[in-house]
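Report on the following structure.
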Amino acid sequence: MSDPKVELARQVFKALWEAGPQGLDRDALAHALGVGDREMREAVELCAKLSARPSVAGAKPEVVGFDPMTRRYHIANSPEQADRIMAYALSYIRSSLERVLAYREARTLRWGDSEMPQTIQQALFEAENSMRRWR
């Protein structure tokens, strides 16, 4: 029996493939899938992961996601569009990281520089290193 989330991700790919280079806007993609906006975005996220590393022999890796220039979801049609899709996804990561770094600062200002759990320290260290590379 197939995983329903994977099946929905496959439907995302199919809908975008059928839409061609013009892609689909948010409402049209959710409608094509027959799901709400949040479930559609989760399905696009899984589709993006699966499409980037296809497990089917002979399948090409694809960049799937939201292009802020067209304001539509696409299977990237060019390196430039793939870059825009990646930059858009990275903007969410950057925003989340900045929020977490603000949390750390607020924690320190409120309760002092006490020892944080090792897992949080390691995650913050890795996140800050990643942030430096993106700038």
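The values are calculated or read from the model by the stated rules, or taken from the named source; none is laboratory data. The structure displayed is predicted, hence computed values, not measured ones. Here Cβ is always computed from backbone atoms with ideal geometry, including for glycine, and neighbour counts include all displayed protein chains.
Computed quantities for the displayed model
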item: Positions within region 1-49 being in a helix (DSSP H, G or I) and acidic (D, E), in sequence order; result: E7, E18, D27, D37, E39, E42, E45
item: Residues of region 11-40 that turn out to be out of contact with any Cys (no Cβ under 6 Å at 6 or more places or on another chain) and crowded, with 16+ Cβ neighbours inside 10 Å, as a count; result: 12
item: When residues of region 45-58 are limited to those that are aliphatic (A, V, I, L, M) and under 12 Å from R10 (Cβ atoms), the one surrounded by the most Cβ atoms within 10 Å (Cβ to Cβ); result: L50
item: Some residue of region 32-46 being without any contact (Cβ under 8 Å) to a residue 12 or more places away in the chain and in contact with a helix residue (DSSP H, G or I) (Cβ under 8 Å, 6 or more places away or on another chain); result: yes
item: Members of region 1-31 found to be touching a residue at least 24 places away in the same chain (Cβ under 8 Å) and hydroxyl-bearing (S, T, Y), listed by number; result: none
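Listed here are the residues, each with its yes/no results for (1) at pLDDT 90 or above; (2) under 30 Å from P4 (Cβ atoms); (3) part of a helix (DSSP H, G or I).
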site: S51; (1), (2), (3): yes, yes, yes
site: S55; (1), (2), (3): no, yes, no
site: I93; (1), (2), (3): no, yes, yes
site: T119; (1), (2), (3): no, no, yes
